[in-house]
Amino acid sequence: MAEDASGLSRSVEDYLKVIYSLCDSGRVASTSAIAEGLEVQPASVTGMVKRLAESGFLEHVPYRGVQLTDAGTREALRILRRHRILETYLTERLGYRWEDVHGEAERLEHAASDRLIERMAAALENPSHDPHGAPIPTPSGEIETTDSFTLVELSPGVEAQVRAIRDDYAEGLKVAAAAGLLPGTGVVVVRRDLQKSVVVVVAESGIGEREVPFDVAQRVYVVPLPTSGPKG
């Protein structure tokens with residue numbers, strides 16, 4: 001497999017990034033979860049996990065799965081920085097729509113040099129968040145942490161602010177935008193409709209009530225405003 005300047009193959013970088021995402025969202029990085037995230041067969045995950053563990057990037061958690069070591073986390077944040085800088089550059093400088101940049105960034109992140117990424121970051125005046133609201137790791141591997149949960153978990157009547165929307169589902173991003181759910185926007189859940197599997201929301205954009213399917217609401221991360229109560 002071709003390797004980039006870091007010495008890691010594209011496949012290794014993809015594994016590290018997916019495992020970081022699983023652990024960061026509170027999920028277990030099990031073989032099945034990793035396979036689902038990478039859209040590969042579980043049998044192929046086993047060998048790579050063993051290889052990454054032997055390389056010092058992963059450690060096993062008994063009866064649960066794997067988690068990144070400090071070395072693995074550093075590499076995951078490095079490639080995550082590339083991805084999010086690329087998404088920001090494509091959106092702000094090349095006019096890409098926010099639902100289209102994920103795939104392009106996935107293709108470019110393994111080929112771009114660190115020098116190119118840092119020149120892009122400088123041209124963008126070192127952005128702290130990507131177009132979807134996700135924090136961009138610093139060159140030294142630091143990343144903002146914020147307590148948040150998904151829109152589907154937000155209790156009706158609690159005022160919150162949209163923090164970020166996952167970027168890996170283009171149609172979901174279109175639905176979120178149509179409902180006024182953009183990073184930094186205030187939102188209130190009016191009700192959950194279990195029969196229709198939707199969350200009815202009102203965003204501060206003033207477009208009125210909108211139905212957001214559960215599969216999209218689960219990808220929208222929100223933070224309660226200080227005057228609001230806890231989630232339900």
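None of the figures in this text is laboratory data; all of them are computed from the coordinates on show. This is a predicted model, so every value here is computed, not measured. Neighbour counts run over all protein chains shown; Cβ positions are idealised from the backbone, glycine included.
Here are some notes:
- Selection from Leu68, Ser128, Phe149 lying farthest towards where the dipole of the chain points positive, charges on Cβ: Phe149
- Euclidean distance between Cα centres, the range 199-218 to the range 60-93, Å: 29
- A dipole drawn for the range 1-145 from +1 and -1 charges on Cβ atoms has a positive end, and of Leu80, Trp98, Pro42 the residue lying farthest that way is Pro42.
- Electrostatic bookkeeping for Ser140 treats Lys and Arg as +1 and Asp and Glu as -1; over the other residues with beta carbon under 15 Å from its beta carbon, the sum is -2.
- The chain - percent relative contact order, Cα under 8 Å, separation 6 or more: 15
- Taking all C-alpha pairs of the range 149-224, those more than 20 Å from each other amount to 14 percent.
- Qualifying chymotrypsin sites (Phe, Trp or Tyr not before Pro) in the range 6-83, DSSP loop, other Cβ atoms within 10 Å at most 14: Tyr63
- For the range 119-180, the fraction of alpha-carbon pairs lying more than 14 Å apart is 67 percent, rounded to a whole number.
- Each residue of the range 12-17 was assigned a 3J(HN,Hα) from its phi angle through the Karplus expression (A = 6.51, B = -1.76, C = 1.60, θ = phi - 60°), giving 4, 4, 4, 4, 4, 5 Hz with x at Gly and Pro.
- Integer Hz, Karplus 6.51/-1.76/1.60 couplings in order for the range 157-172, x for Gly and Pro: x, 7, 7, 9, 10, 5, 8, 7, 10, 4, 9, 9, 9, 4, 5, x
- Most mobile listed residue (Pro42, Pro183, Pro137) in the chain, GNM with C-alpha springs under 10 Å: Pro42
- Sorted peptide list for 76-87, 99-110, criterion being average Cβ within 10 angstrom, highest first: 76-87, 99-110
- What the phi angles of the range 33-45 give under the Karplus curve with 6.51, -1.76 and 1.60, with θ = phi - 60°, is a coupling list of 5, 5, 4, 5, x, 9, 6, 10, 7, x, 4, 6, 6 Hz, glycine and proline written as x.
- For the chain, a simple Cβ point-charge model (Lys and Arg +1, Asp and Glu -1, everything else neutral) yields a dipole of about 260 debye relative to the Cα centre.
- As a length-normalised measure over Cα pairs under 8 Å and 6 or more apart, the relative contact order of the range 149-224 settles at 42 percent.
- Counting only DSSP H runs of at least 4 residues, each contributing -39500 (n - 2.57), and dividing by the residue count of the chain, the helix-based mean residue ellipticity at 222 nm comes to -12000 deg cm²/dmol.
- Two-site label geometry, Asp193 and Asp100: point separation in nm, points 7 Å out along Cα→Cβ: 3.2
- By the Kirkwood approach, averaging reciprocal distances over each pair of separate Cα atoms, the range 41-165 gets a hydrodynamic radius of 16.7 Å.
- Taken along its principal axes, the alpha carbon cloud of the chain reaches lengths of 51, 46, 30 Å, longest axis first.
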